[in-house]
Amino acid sequence: MTQPSDTYFPAAETAADGAPTSPRLSYPRYISISNQKGGVGKTTTAVNLATALAAVGKQVLLVDLDPQGNASTGLGIDRADRDCGSYELLFGEATADDAAAPTKVPGLYCIPSSMHLSGAEIELIDTENREFRLRDGLRAATRRYDYVIFDCPPALNLLTLNALAASDGVLVPLQCEFYALEGLSHLVNTIERVRDAFNDRLELLGIVLTMYDKRNNLSNQVADNVREFFGDKVYDTVIPRNVRISEAPSFGLPAIVYDMACTGSQAYIHLAREMLKREKAARDVALKAMATAEGVSA
Ligand SMILES: Nc1ncnc2c1ncn2[C@@H]1O[C@H](COP(=O)(O)OP(=O)(O)OP(=O)(O)O)[C@@H](O)[C@H]1O
Ligand SMILES: [Mg+2]
């Protein structure tokens, strides 16, 4: 695949020996968009959040880990151009730099879902280091990103596990419907188990309510219940149900590019802003803690 020439190196935020000082202080930030429930807005969130981050000047990589390839389609990557993608990265047949294709959005790259990915789940079972294939492949990337976003499949399988093992945080899209909370506790347990077994950096970053319809009592009830249970882990921004959002992928465009003014696009721009604000607040806390620790040890 063609290599974009605008290689970007943000200020290094790692210790002198190259080891990250704190997950909150190192870049890139790796974020899984995950929920084992199907059709809740994972891909829509991954594509539009990635686009909104790129729009404010971040260098972003979206990794499509779903054999359905919806994120790749939503970013307008032709099937013919998907012979080098996440499957090849997972199995060491391509480097992250080779697999990352530029998109129509400046600053946004995509490692697409290639045809072979549907077989990866079974092939991974007998592969050495099977949970860390993605993490290790991405760590070898020479192009520097601010954010790496994983669009996970609707399953807690080995592909999702690879994403979680490579991530700093998980963002969970939750559709405002009756069964929304069902399975969420399972996902939260899985995050805890992955943190204990494979990746102590992993945290639940936040829950974003999707396809919200304010005229629908059930939507409001579900939103209230989720906020009651998860408190400030739930983003203030709510993504409304909006037909323009569902139209955009058929044009191979993120909704934000297809119709920036529509309520859905505006909500995703808001979400990106809220996420960056929360990230900054958490970074400030981590920096303060580091300064205090240095003061104590001096
Ligand atoms: N806010 C929204 N308003 C209207 N339609 C939406 C919205 N968000 C997503 N959709 C539509 O709902 C469907 C499911 O969304 P999406 O593909 O993002 O979910 P998903 O969780 O990635 O699904 P899967 O589990 O199959 O990967 C798609 O047709 C999408 O266009
Ligand atoms: Mg999807």
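Details
- All positions within the range 27-43 that are near ligand 1 (Cβ under 9 Å from one of its atoms) and of a type outside the set (A, V, I, L, M, F, W, C): ASN35, GLN36, LYS37, GLY38, GLY39, GLY41, LYS42, THR43
- The conditions of being over 27 Å from PHE251 (Cβ atoms) and under 19 Å from the mean Cα position of the chain (by Cα) are met by ASP97.
- Of all residues making up the range 71-81, the number that are assigned to a helix (DSSP H, G or I), of a type outside the set (Asp, Glu) and surrounded by fewer than 19 Cβ atoms within 10 Å (Cβ to Cβ): 2
- Leading residue by the ranking (surrounded by the most Cβ atoms within 10 Å (Cβ to Cβ)) among those in the range 239-298 that are polar (S, T, N, Q) and at pLDDT 90 or above: SER265
- Look at the range 142-158: where a residue is in contact (Cβ under 8 Å) with a residue 12 or more places away in the chain and under 16 Å from ASP64 (Cα atoms) and a partner is in a strand (DSSP E or B) and within 11 Å of ligand 2 (Cβ to nearest atom), sitting 6+ places away or on another chain with Cβ atoms under 8 Å, you get ILE149/ILE33; PHE150/ILE33; ASP151/ILE33; ASP151/ASP64; CYS152/ILE33.
- Subset of the range 146-188 that is among the small types (Gly, Ala, Ser) and closer than 16 Å to ILE31 by Cβ - its residue that is surrounded by the fewest Cβ atoms within 10 Å (Cβ to Cβ): GLY169
- Pairs where the first residue, in the range 26-52, is assigned to a helix (DSSP H, G or I) and the second is surrounded by fewer than 22 Cβ atoms within 10 Å (Cβ to Cβ), C-beta under 6 Å, 6+ apart: THR43/ASN70; ALA52/ILE269
- Search result, residues across the range 236-247 that are touching an Asp or Glu at 6+ places or on another chain (Cβ under 7 Å) and more than 15 Å from LYS42 (Cα to Cα): ASP236, THR237, ARG244
- Any hit, the range 126-144, residues being within 13 Å of the chain's Cα centre (by Cα), crowded, with 22+ Cβ neighbours inside 10 Å and under 24 Å from GLN59 (Cβ atoms): no
- Listing of helices (runs of 4 or more DSSP H) fully contained in the range 95-164 that carry 2 or more residues being farther than 20 Å from ALA197 by Cβ: 96-99, 120-125
- Residues of the range 257-266 that are part of a helix (DSSP H, G or I) and more than 18 Å from TYR212 (Cα to Cα): VAL257, TYR258.
- Some residue of the range 62-82 being within 16 Å of ligand 2 (Cβ to nearest atom), more than 22 Å from ILE245 (Cβ to Cβ) and not β-branched (Val, Ile, Thr): yes
- Any hit, the range 135-156, residues being touching a His at 6+ places or on another chain (Cβ under 8 Å) and within 16 Å of ligand 2 (Cβ to nearest atom): yes
- Qualifying residue in the range 238-246 (condition: under 18 Å from LEU181 (Cα atoms) and touching a Leu at 6+ places or on another chain (Cβ under 9 Å)): yes
- Scope the range 205-224; condition surrounded by 13 or more Cβ atoms within 10 Å (Cβ to Cβ) and polar (S, T, N, Q); matching residues: THR210, ASN216, SER219, ASN220
- The residue of the range 22-50 that is farthest from SER118 (Cα to Cα), among those that are more than 11 Å from ligand 2 (Cβ to nearest atom) and touching a strand residue (DSSP E or B) at 6+ places or on another chain (Cβ under 6 Å), is SER26.
- Any hit, the range 267-279, residues being in a helix (DSSP H, G or I), among the hydrophobic types (A, V, I, L, M, F, W, C) and more than 18 Å from the chain's Cα centre (by Cα): no
- Residues (polar (S, T, N, Q), under 18 Å from PRO173 (Cβ atoms) and free of Cβ contacts under 8 Å to residues at least 60 places away in the same chain) located in the range 195-219: ASN216, SER219
The values are calculated or read from the model by the stated rules, or taken from the named source; none is laboratory data. Just so it is clear, the structure is predicted and the values come from calculations on it, not from any experiment. FYI the Cβ positions are ideal-geometry reconstructions off the backbone, even for glycines, and counts take in every protein chain you see.
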